[in-house]
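Contents: one structure, followed by commentary.
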Amino acid sequence: MAASSSGASSSTSRSASIIPLSNVEAQWERMSSEDQVAVHNQLEELQKKNWKELSLDEKKAAYYVAFGPHGPRAAVNPPGTVAKIIFGTGAAIVFAAVLTYTLKAFAQPPPKTMNKEWQEATNEYAKEHKINPISGVSSEGYTGKGYVTEK
């Protein structure tokens, strides 16, 4: 007799744990696997009926269980991820800009060979000594800037 009463209480608690189909969307993630299977089986039985006889809540529940954003269709990124990525990227860009300007502020001045007069003198030296006579500064009809890099 004790076995039958425990079996009855487990079936009663089992049927009581199934939530109404009008609230499946809100409760699905918090339901146990057994309850999810029970709701799925209940909906399969309901879908065997004529769809015109089903209530709107039953139709919504059937659609949610079949196509809702749970299981493999759950969102990969939680809400707010895009904002974090945008903020992080912006912070990285600002940090890089501050670092660049700080390093430039404390850097040594460029060497004396990087001024325009020195580079033009290098062009003249290359023409006098015929450096790279095929395609360089000392070639015939050369129209490039040569060694001048400054504007």
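Here are some notes:
- Computed [θ] at 222 nm, deg cm²/dmol, the chain (DSSP H ≥ 4; -39,500 (n - 2.57); rounded to nearest 500): -18500 deg cm²/dmol
- Those lysines that a straight Cα-Cα span of less than 26 Å connects to residue 127, excepting residues fewer than 8 apart in one chain: 112, 116, 145, 151
- Amide hydrogen proximity for residue 147: with H placed 1.01 Å from N in the peptide plane, the residues at 5 or more positions away or on another chain lying under 5 Å are 123.
- Projecting label points 7 angstrom from Cα along Cα→Cβ for residue 63 and residue 97 puts them 4.7 nm apart.
- Neighbour counting of Cβ atoms within 10 Å sorts the residues 31, 114, fewest neighbours leading, into 114, 31.
- Cα long-axis angle, helix 2-17 against the chain (0 to 90 degrees, to the nearest 10): 50
- Simple spin-label estimate for residue 56 and residue 113 in nanometres, 7 Å along Cα-Cβ: 8.3
- Dipole magnitude for region 110-151: computed about the Cα centre from +1 point charges on Lys and Arg Cβ and -1 point charges on Asp and Glu Cβ, it is near 120 debye.
- Sorted ascending by nearby beta carbons within 10 Å, beginning with the fewest, 76, 24 become 76, 24.
- Rg/Rg_ref, region 90-151, where Rg_ref = 2.2 N^0.38 Å and atoms are Cα: 1.72
- Highest-fluctuation residue, 63, 125, 101 considered, GNM on the chain with Cα pairs under 10 Å: 125
- For the chain, the longest principal axis of the C-alpha atoms and the axis of helix 81-106 are separated by about 20°.
- Helix 116-128 axis, angle to the chain major axis (alpha carbon atoms, nearest 10°): 60
- Exposure proxy for 28, 51, 118: other Cβ atoms within 10 Å of each Cβ, ordered fewest to most, give 51, 118, 28.
Readers should treat all values here as calculations from the given coordinates under stated rules, not as data from a laboratory. Nothing here was measured: the structure is a model prediction, and the numbers come from that model. Neighbour counts run over all protein chains shown; Cβ positions are idealised from the backbone, glycine included.
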